[in-house]
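Data first, discussion second: the structure below is written as structure tokens.
Computed from the coordinates by the stated procedures, all read-outs in this text should not be read as laboratory data. Just so it is clear, the model here is predicted, and its values are computed rather than measured. Glycine gets a Cβ as well: all are built from the backbone with ideal geometry, and neighbour counts include every protein chain shown.
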Amino acid sequence: MSPPFDLAIVGAGPAGMAAAMTAAELGLSVAVLDEQPEPGGQIYRGVERLAATRPNHLAWLGPDYAAGLELARSFRKAKVEYLDGAKVWQIEGTSAGRLFYKRHSAAGILTAQKFLIAPGAMERPMPVPGWTLPGVMTCGAAQTVLKAHGLVPQGRFVLAGCGPLLLLLATQLVRAGIKPAAILETEINRWTALPRLPGFLAAPGYLGKGLGLLRELKAASIAVHKGVTHLAIKGDTQAREIEYTCGGATRTEPVDLVLLHQGVVPNGNLAWSMRLAHEWDDAQRSYRPVLDAWGRSSNPAVLVAGDAGGIIGAKGAEAMGRVAAFAAATDAGKISAGDAGERANAARAEFAKHRGARPFLDALYRPQQQWVAPPDADTMVCRCEEVRAGEIRRLVTDQLCPGPNQMKSFVRCGMGPCQGRLCGLTTVEIIAECRGLPVKDIGYYRIRSPIKPITVGDLATLDVPRRDDAVGL
Amino acid sequence: MFKLLPDNAATTVTVMVNGKTVSVPQGFTAAAAMLLQGNGATRTSALSGEGRAPYCMMGVCFECLMDINGEPNQQGCLVTVTEGMRINAQHGKRMVAE
């Protein structure tokens, strides 16, 4: 077993990297574990390798992506124990604790006084008819292969949904010379967003970036169909057509690839598995861990930073990573609380600038009911265990199934390999709709470790002392 | 479904995708190699048998479970290719090794 660290960080995205560097500078011994082979998280995915092998791609991926290069390079130089390709499956403890991970086909245990979890965001599940067909992916997936591998869609493809990431991806592809056949933009909420516009305007750079993307798409003559209220993807063994309704008319277009997007939500399984207290964020239409201004969670040994604590974006995540590192240093006795307050000021101010832009973005792109609780009975909700929306509704209405955990008992909803990541929010939204209750009263899946799949063979590689009270079988 | 953009100075790695020899840039993941190789399912569902393919490419959806070097149930999007790697579609459930 490795010696104890002052701080173990899960996630090497902007929050995790910034936290690690700050904590190391303050004299903490720091370990960082991340399941990707390179630092950067999803937002700066593969940035070091891209700069080395495809430097001209940096120009059209844009300065926000290129900014990750400096961060990743500084992170590499920091006095930090960085374990790449490490899948964390469990963290336990409330005053110090143990972290279990798998790396290079062997399991390991790491002990730490404090944990900072920064697993980032994932795309909100967008269940529509046909979304399980090959040829349907998320916009984030297409952006990931663009950044990490220089792969671009081939054939006729459309982007469907809404959110900043969808517009950014479309623009990046256009710059790379790859034009989508259309953007099918689901309804956005201009009128509820409007009163929140001042905060957005005050946040540096946001308006210019947004308008810039729209301008570039217009200049490239990309067909944008706005106010889409219905989507269905059709095909036998592969997506072949997309049906969409906008302006009261339903049309069908041939497709080879559909890229869905309905915003991002905290990547929550690690936080849930640790039983951190959560709250429903109605503006972002998702759960998030309850955190204080330092990122401290309901578990005294655990801090949370970045999008995992509520969607804030890369720059805000980086700032919050620093703030959380000051809290960890205070708890470790490296700096006084007063000193931490002083030194965290700059990071806090940076965080506040980015936080200011969120209410407008959250309201503008808050998903409408049909994208979070699919009305069509045949739409798959739990992709792993193949549970459909109609089945969930029937169990709530006819069998009085009250919540997501009972739904597991009825039909194994959320119990497949993804462990509810791709159906959790949809399931609770449908149950809430059927019961006429707010989602916060429905709760969420009880997520249990291991949160990443491990084999009994993996467990057998763990270096754990035999307990004296072990019962022989 | 996907193609490689030009101007890629990465050295290449040779892998076997569903028995076919393919050259991919270093740093590729097994799932990316599958996407480059062509359309269609990279696994079949353990329940209905319907075809599935990589969906999120970031490790959360588990749709890219595939057989890599004879070991089934690997998240293809989290496995970096190495020379000679055998990447195969997975059909149905994982079988327990003999």
Taking every pair of alpha-carbon atoms in the protein assembly as shown, give the share separated by more than 39 Å as a whole percent.
-> 23 percent
Of B:29-40, A:330-341, A:82-93, ordering from highest average Cβ density within 10 Å down gives B:29-40, A:82-93, A:330-341
Treat the count of other C-beta atoms within 10 Å as a stand-in for reagent exposure and order A:Val456, A:Val80 from fewest to most.
-> A:Val456, A:Val80
Pulled fully out, how much extra length does the chain show between A:Arg446 and A:Glu342, if you take 0.36 nm times their separation in residues and subtract their Cα-Cα distance?
-> 33.6 nm
Work out from phi, with θ = phi - 60° and the Karplus expression 6.51 cos²θ - 1.76 cosθ + 1.60, the ³J(HN,Hα) of each residue of region B:79-87, listed in order in whole Hz, and give x for Gly and Pro.
-> 10, 7, 5, 10, 3, x, 4, 9, 10
Per-residue average of other protein chain Cβ atoms inside 10 Å, peptide A:144-157 -> 6
Starting from the Cα-Cα distance between A:Asp463 and A:Arg103, subtract it from 0.36 nm times their residue separation and give me the gain in nm to one decimal.
-> 128.2 nm
For region A:71-102 and region A:149-200, write down the distance between their C-alpha centroids in whole Å.
-> 34 Å
In Hz, Karplus ³J(HN,Hα) per residue of region A:42-57 (6.51, -1.76, 1.60; θ = phi - 60°; x = Gly, Pro) | 6, 5, 10, 3, x, 5, 5, 5, 5, 4, 7, 10, 9, x, 5, 6
Rg to Rh, two decimals, where region A:324-454 supplies the alpha carbon set and Rh follows Kirkwood | 1.16
Beyond 21 Å, what percent of the Cα pairs of region B:1-73 remain?
-> 27 percent
Between A:Lys79 and A:His230, what length comes free when the chain is fully extended (0.36 nm per residue of separation minus the Cα-Cα distance, one decimal in nm)?
-> 49.2 nm
Could you order peptides A:404-417, A:63-76 by the average number of other Cβ atoms within 10 Å of their residues, highest first?
-> A:404-417, A:63-76
Determine the shielding of peptide B:5-14 by partner chains: average, over its residues, the number of Cβ atoms on other chains within 10 angstrom of each Cβ.
-> 4
Sum -39500 (n - 2.57) across every DSSP H segment of at least 4 residues in chain A, then divide by the residue count to get the 222 nm mean residue ellipticity, nearest 500.
-> -10500 deg cm²/dmol
Taking r as the C-beta separation of A:Arg412 and B:Thr21 and R0 as 51 Å, the FRET efficiency to the nearest 0.05 is 0.80
Please figure out what share of the DSSP beta bridges in the protein assembly as shown is antiparallel and state it in percent, rounded to the nearest 5.
-> 60 percent
Report, in deg cm²/dmol and to the nearest 500, the calculated mean residue ellipticity at 222 nm for chain B, where each DSSP H run with n ≥ 4 adds -39500 (n - 2.57) and the sum is divided by the residue count.
-> -2000 deg cm²/dmol
Sorted from fewest to most neighbouring beta carbons within 10 Å, what does the list A:Glu38, A:Glu342, A:Glu216 look like?
-> A:Glu342, A:Glu216, A:Glu38
Can you pull the mean other chain C-beta count within 10 Å for peptide A:413-423?
-> 3
Spacing of the two label points (7 Å from each Cα toward its C-beta) at A:Lys209 and B:Thr44, in nm | 4.5 nm
In the structure shown, do any of A:Lys179/A:Lys218; A:Lys452/B:Lys3; A:Lys147/A:Lys315; A:Lys179/A:Lys226; B:Lys3/B:Lys93; A:Lys87/A:Lys408 have a Cα-Cα gap over 20 Å, and if so which?
-> A:Lys452/B:Lys3; B:Lys3/B:Lys93; A:Lys87/A:Lys408
Note, ³J(HN,Hα) from phi for region A:232-239, Karplus 6.51, -1.76, 1.60, rounded to Hz, x at Gly and Pro = 8, 9, 10, x, 7, 10, 6, 4
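When a/c reaches 1.5 or more, the comparison of a/b and b/c decides; with that in mind, is region A:360-419 rounded, prolate or oblate per its Cα gyration tensor?
prolate
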So how do A:356-362, A:292-298 stack up, highest first, on mean other-Cβ count within 10 Å?
-> A:356-362, A:292-298
